[in-house]
1. For the range 371-408, which positions are more than 19 Å from residue 318 (Cα to Cα), over 23 Å from the mean Cα position of the chain (by Cα) and either in a loop (DSSP other than H, G, I, E, B) or polar (S, T, N, Q) (or both)?
2. Kindly list the number of the only condition in (1) under 19 Å from the mean Cα position of the chain (by Cα); (2) crowded, with 20+ Cβ neighbours inside 10 Å that fails for residue 194.
3. If you take the residues in the range 101-115 that are at pLDDT below 80 and touching a helix residue (DSSP H, G or I) at 6+ places or on another chain (Cβ under 9 Å), which one is surrounded by the fewest Cβ atoms within 10 Å (Cβ to Cβ)?
4. Considering every residue within the range 282-290, establish whether at least one is under 23 Å from the mean Cα position of the chain (by Cα) and either of a type in the set (Gly, Ala, Ser) or modelled with pLDDT of 95 or more (or both).
5. For the range 213-269, how many residues are closer than 17 Å to residue 202 by Cα and among the acidic types (Asp, Glu)?
Amino acid sequence: MSEQTQQRRARRGRAVRWGVPIAAVAVVAGAVGAGPVIAAVQGDPVLPERTAEQLLADALQATKSGPTPMSGTVLQTASLGVPGLPEVSSGMGGTSPAALLTGSHELKVWYGGDERLRLAMPGRMSETDLIVNGDQAWLWESDSSTATRIKDTGEAAGHASGKGPGHESGHESGHPEALPTAATPQQIAKEVLQRADADTAVGVSSSEKVAGRDAYQLTLAPKDASSLVKEVKLALDGETFVPLRVQVYAKSAAEPAFEVGFTSVSFTPPAPENFTFTPPPGAKVKEQSLDELAKGLGADPQARQEKGGKIAEGMRTVGKGWTAVAVLPFSAQDLKGLAPQGQTGEEAGSPEAQAVTDALLKSATPVSGPWGSGKVVRTKLVSALLTDDGRLLFGAVTPEKLTEVAGR
């Protein structure tokens, strides 16, 4: 492989990693709770028998080797379960704060092998597309009729997506593993599988059809009582073992608390025209580096660190696997540091965003102990503790686990 080809692949990899945040579909998977919306077709398919250990190895290999050429439509549902959240439209693709916590999101995916990727997030009256084709990368926003040609700027993409150097080891500094943060079934399955250790019960449930494909169903259940997760079900394609659907069950509910999966999928290589893009007549065309684009989308890590007292630098993770807890310096004032660059206070969000913040604060319960005092919020799959001495602790664990960590 030539040096030029290696450089192109590296650039493509960074653009792909940053593509999901660009499309605004990365949602904290462990922090949601909603009923199932991706119905499995009734009737058990006939597949060769495989043990739980075999399927676990198959799933790990499928997520490790990366996706094969394919295309499909992914549907994700999210509902934080916090009372008082503003209602959102039932339409797909909303990206408002309430929609990200309670709505359904559709993502169309085309993967053509090395250096070819397209992600499309349809809205009610618009669509956002990321098109990567070799050295060319475009972001198309139909609502503003804007086409942005993305220039590569080294490691900016990795930092913006939380997948900088050391991510593959799962132990990079400043990016805690308390909750999965991904969008597609393959991405989330990869993060879930990284938690499968000696404290995980692994099993196989009945096979079924997902997106018209025969699929095995692998189950992972945490043994630690402090985890809020009862079990995770991974539907693996019966032929390729590619994860087709992920369902997360909370201990407090009989139905999946979070679900993401393909509603349609094809493992036929997509046509080349899916990865070509020419700005339409009359469109606003501009060129930006990844750093510049990140700042415009409110994803500039440096700006957030400066506004929030270098929050990211202070992050650390206590524990591992299902009961990992993220700890970082944080206070109410730091909320301003999470707003888009140049916006603070009431400017930082819409009335809906303020309503989401108010709902979270109203649901918080005062707690105290030898470690001090603060307020805790618990949902079906995640708890968060904001202490009065300026710390934020969160994870897919019980509030009792958070206060235990706070006292260390």
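The values are calculated or read from the model by the stated rules, or taken from the named source; none is laboratory data. These numbers come from a predicted model, not from an experiment. Every residue, glycine among them, receives a Cβ derived from its backbone with ideal geometry; neighbour counts consider all protein chains shown.
1. 373, 388
2. (2)
3. Residues of the range 101-115 that are at pLDDT below 80, as a first pass: 101-104, 114.
Checking the rest, the ones that are also touching a helix residue (DSSP H, G or I) at 6+ places or on another chain (Cβ under 9 Å) come to 101, 114.
Values: 101: 25, 114: 14.
Across the range 101-115, the extreme among qualifying residues is 114.
4. The first filter runs over the range 282-290 and keeps only residues under 23 Å from the mean Cα position of the chain (by Cα), leaving 290.
Imposing the further condition that a residue be either of a type in the set (Gly, Ala, Ser) or modelled with pLDDT of 95 or more (or both) reduces the set to none.
Looking through the range 282-290, none of the residues is under 23 Å from the mean Cα position of the chain (by Cα) and either of a type in the set (Gly, Ala, Ser) or modelled with pLDDT of 95 or more (or both).
5. Count: 2.
Table: residues versus (1) closer than 26 Å to residue 392 by Cβ; (2) assigned by TED's automatic domain parsing to the domain that holds residue 246; (3) modelled with pLDDT under 90; (4) buried (at least 17 other Cβ atoms within 10 Å of the Cβ).
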site: 126; (1), (2), (3), (4): no, yes, yes, no
site: 138; (1), (2), (3), (4): no, yes, no, yes
site: 144; (1), (2), (3), (4): no, yes, no, no
site: 149; (1), (2), (3), (4): no, yes, no, no
site: 152; (1), (2), (3), (4): no, yes, yes, yes
site: 159; (1), (2), (3), (4): yes, yes, yes, yes
site: 180; (1), (2), (3), (4): yes, yes, yes, yes
